[in-house]
Amino acid sequence: MKTITKTKHKAIGTLPTDYASLCRDVWLPRPIRDKVEYQAALAAIEPLWGHEKNMSTDQADWFALVTDLVAQYEDDHAQKSAPLSLEKRLCGLLDAHCMTAADLARLLGLDPSMGSKIINGTRQLTAEHIRKLSRHFALQGDYFLAS
């Protein structure tokens with residue numbers, strides 16, 4: 001495993017203000033290929049977070065480049081999760097709005113027992129149900145389409 005031998009800086013005031021010294025003493029910007037390099041890049045930019053107004057021009061340029069490299073690594077290595085099922089999305093909405101399955105059924109103009117059937121996936125939503133849910137929860141209709 002790689003080791004990081006660069007000097008660790010804890011505060012913006014201890015960082016070099018010129019680009020060459022930042023590259024030499026803190027972290028040399030380059031494509032991030034693994035978790036060790038990723039952690040090193042994060043550690044290098046940590047003292048600068050929130051201090052954008054106090055940075056020198058070289059610090060700001062270096063910071064922007066390193067944060068772009070970090071973002072690129074994160075985008076490339078983001079784990080794509082499967083979309084939530086309609087049933088889970090509905091359960092989450094109901095929980096967030098302190099609603100029960102019976103409340104869902106009442107909202108849709110159905111018998112209270114139908115709410116649990118919709119949540120369990122044994123009863124499908126109609127176009128009219130989707131319109132009502134979209135209006136009530138202020139969401140796009142496609143949110144309520146089965147995935």
Original post:
When N counts the residues of the range 86-144, how does its alpha-carbon radius of gyration compare numerically with 2.2 N^0.38 Å, as a ratio?
Top reply: 0.97
**OP:** Starting from the Cα of S134, step 7 Å along the direction of its Cβ; do the same at A20; then give the gap between the two resulting points in nm.
**Re:** 6.1
Original post:
Relative to the longest principal Cα axis of the chain, at what angle does helix 127-137 sit, 0 to 90 degrees, rounded to 10?
Top reply: 50
Original post:
Taking N as the number of residues in the range 12-77, what value does Rg over Cα atoms divided by 2.2 N^0.38 Å take?
Top reply: 1.04
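Figure the gain on full extension for E74 and A11 (residue separation times 0.36 nm, minus the Cα-Cα span) and round it to one decimal in nm.
20.2 nm
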Subject >> Against the rule of thumb 2.2 N^0.38 Å, how large the Cα Rg of the chain comes out >> reply: 1.72
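Quick note: the coordinates plus some simple rules give every number you see, no bench work behind them. Fair warning: this is a prediction, and the values are worked out from it, not measured in the lab. Ideal geometry is used to build each Cβ from the backbone, glycine not excepted, and the neighbour counts take in all protein chains shown.
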